[in-house]
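Shown next, in structure tokens, is the structure this report addresses.
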Amino acid sequence: MEADAWRLLVTRGLRGLADGVVSVLLSGYLLALGLEPFAVGALATATMLGSAALTIAVGVGALRLSRRSLFFAACGLMALTGLGFASLRSFWPLLVVAVVGTLNPSAGDVSVFLPLEQAALADASAARSRAWTFALYNVVGSAAGAVGALAGGVPELLARSGRVSFLAGARIAFVLYGAIGLVTAGLYRGLRSTTSPTAAPPAGLSGPSRGMVLKLAALFSLDSFGGGFVVQALLVLWLHQRFGITTAQAGTLFFAVQLLAAASQLVSGRIAARVGYIQTMVFTHLPANAFLIGAGLATDVRVAVALLLLRAALSSMDVPARQAYVMAVVAPAERAAASSLTNVPRSLAAAVPPLFTGALLAASSFGWPLVIGGALKALYDLLLLSQFRLVPPRPAEPAP
């Protein structure tokens, strides 16, 4: 890999660490502020709608600005988001920060950084190793997210020891989240492939590519819509309501979940190179969704935790294969457009379900969000297999 690729792995790790902390802390922090489960779901929805809007803005800004400038703007928003959540206490001001900020309530990366980094990573990796590079990129994010999830339980442990209140510890975590945004800005500054402003609009999609990418975007949106019912921050809330699991215990659980996700994605690149992208995506994702439905139906905490861990061992193996497949079925000049076109609808589709999850959890602790989400994601798997199993990647282009 080129130096830019390694630098992007570091920035992905730092952002994964920050996202892991806040995704575990968020629901407990908001409940401690006196908000209801429905309000927690509404704020999660606002963060994801905001991410989608920012991704659209990045696509428009790419017509005139260098990728580096867009990276810097996103990092500035990340810093302000951390400070906003650390200092504000009322629902409506927090809602504004959630919409315009970069907070990520999920275990995966649905932020404004994603299309920028994906396009940069594709440019900095050879075609023959792209699946492996994307797998490593996601592994780093998941492993860092695991450490962040574990760290998300620290404020509760400190509160139990009497050293600092839970709210004070959580606010410190949000300040650190903002500080990581500033650190990543320094790292983006060193990217060599993002230094020049775009003199002309980036290439759009050709006719054949546009139809294929639009169909992929629709399918990915269905998957994200299902995933929106089970974003990590709301899984923490469900586990607390259903089984009484504390924030610290949830942090330990999602540490294991993210480590399993990281290990599975490391294997995913090798499997995709042997059996193909689509097969890797479907035949790992489908059983994972069955485990998710089972966890929602479970009445024993040990069964639910075991099924969530089994799901984690498989559910993320489709991510690097999906990213590499999108980059592989379009021409190099079309990659930025393809990344935005597939990621923006995914972000929008994932944004609405947390509001429903909050409402469902306000009414009952039963795992309806997990059952609904798993069923929708399984439908996506079957449709993807039927539509794209015979669509091969483009012939490999020369290495950059």
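When Gly169, Gly141 are checked against the criterion of being surrounded by 21 or more Cβ atoms within 10 Å (Cβ to Cβ), in contact (Cβ under 8 Å) with a residue 12 or more places away in the chain, in contact with an Asp or Glu (Cβ under 8 Å, 6 or more places away or on another chain) and not in a loop (DSSP other than H, G, I, E, B), Gly141 stands alone in meeting it.
Taking the criterion of being over 23 Å from Ala44 (Cα atoms), touching a residue at least 24 places away in the same chain (Cβ under 8 Å) and buried (at least 23 other Cβ atoms within 10 Å of the Cβ), would at least one residue in the stretch 339-354 satisfy it?
Yes, that holds for at least one residue.
Got a sec? Which of Leu222, Leu234, Leu216 is at pLDDT 90 or above, more than 21 Å from Thr47 (Cα to Cα), under 20 Å from the mean Cα position of the chain (by Cα) and buried (at least 18 other Cβ atoms within 10 Å of the Cβ)? Being at pLDDT 90 or above, more than 21 Å from Thr47 (Cα to Cα), under 20 Å from the mean Cα position of the chain (by Cα) and buried (at least 18 other Cβ atoms within 10 Å of the Cβ) holds for just one of Leu222, Leu234, Leu216, which is Leu216. Any chance the stretch 97-115 includes a residue that's over 15 Å from Phe174 (Cα atoms), touching a Phe, Trp or Tyr at 6+ places or on another chain (Cβ under 8 Å) and buried (at least 22 other Cβ atoms within 10 Å of the Cβ)? Among the residues of the stretch 97-115, at least one is over 15 Å from Phe174 (Cα atoms), touching a Phe, Trp or Tyr at 6+ places or on another chain (Cβ under 8 Å) and buried (at least 22 other Cβ atoms within 10 Å of the Cβ), which makes the answer yes.
Note on the stretch 285-392: enclosed helices (runs of 4 or more DSSP H) holding 3 or more residues that are within 22 Å of Arg274 (Cβ to Cβ) and of a type outside the set (S, T, N, Q) are 318-328, 368-388.
Here Gly76 clears all of (1) surrounded by fewer than 19 Cβ atoms within 10 Å (Cβ to Cβ); (2) within 20 Å of Ala321 (Cα to Cα) except the condition numbered (2).
Farther than 21 Å from Ser364 by Cα, at pLDDT below 95 and touching an Asp or Glu at 6+ places or on another chain (Cβ under 7 Å): is that true of Arg12 in this structure? So Arg12 passes the test. Taken over the stretch 144-166, the residue count meeting the criterion of being surrounded by fewer than 23 Cβ atoms within 10 Å (Cβ to Cβ), more than 22 Å from the chain's Cα centre (by Cα) and in a helix (DSSP H, G or I) is 8. Of the residues Leu80, Leu54, the single one that is in contact (Cβ under 8 Å) with a residue 24 or more places away in the chain, over 20 Å from Ala173 (Cα atoms) and touching a helix residue (DSSP H, G or I) at 6+ places or on another chain (Cβ under 8 Å) is Leu54.
For the stretch 265-282, check the following and say yes or no: at least one residue is surrounded by fewer than 20 Cβ atoms within 10 Å (Cβ to Cβ) and at pLDDT 90 or above. For the stretch 265-282, residues surrounded by fewer than 20 Cβ atoms within 10 Å (Cβ to Cβ) and at pLDDT 90 or above: present.
Just checking, does the stretch 252-269 include any residue being aliphatic (A, V, I, L, M), more than 16 Å from the chain's Cα centre (by Cα) and within 20 Å of Ala170 (Cβ to Cβ)? Even if it seems obvious, please write down each step before you answer.
As a first pass, look at the stretch 252-269 and keep what is aliphatic (A, V, I, L, M): 253, 256-257, 259-263, 266-267.
Next cut, more than 16 Å from the chain's Cα centre (by Cα) only: 253, 256, 263, 266-267.
Remaining after also requiring within 20 Å of Ala170 (Cβ to Cβ): 253.
Within the stretch 252-269, one or more residues are aliphatic (A, V, I, L, M), more than 16 Å from the chain's Cα centre (by Cα) and within 20 Å of Ala170 (Cβ to Cβ).
Considering only the stretch 286-307, I want to know if a residue exists there that is modelled with pLDDT of 90 or more and among the charged types (D, E, K, R). There is at least one residue in the stretch 286-307 that is modelled with pLDDT of 90 or more and among the charged types (D, E, K, R).
Going by the structure shown, is Gln241 surrounded by 19 or more Cβ atoms within 10 Å (Cβ to Cβ) and either modelled with pLDDT under 90 or farther than 17 Å from Val326 by Cβ (or both)? The answer is no for Gln241. Taking the criterion of being in contact (Cβ under 8 Å) with a residue 40 or more places away in the chain and farther than 20 Å from Ser142 by Cβ, the residues of the stretch 295-330 that qualify are Gly296, Leu297, Ala298, Val301, Ala304, Ala328, Val329, Val330. Inspect all residues belonging to the stretch 316-333 and state whether any of them is of a type in the set (Gly, Ala, Ser), buried (at least 22 other Cβ atoms within 10 Å of the Cβ) and out of contact with any Lys or Arg (no Cβ under 7 Å at 6 or more places or on another chain). Looking for residues that are of a type in the set (Gly, Ala, Ser), buried (at least 22 other Cβ atoms within 10 Å of the Cβ) and out of contact with any Lys or Arg (no Cβ under 7 Å at 6 or more places or on another chain), one finds at least one in the stretch 316-333, hence yes. Taken over the stretch 351-378, the criterion of being at pLDDT below 95 and touching an Asp or Glu at 6+ places or on another chain (Cβ under 9 Å) is satisfied by Gly358, Ala362.
The values are calculated or read from the model by the stated rules, or taken from the named source; none is laboratory data. Treat the numbers as computed from the prediction; the structure is a model and nothing was measured. Note: ideal-geometry Cβ built from the backbone for every residue, glycine included; neighbour counts use all protein chains shown.
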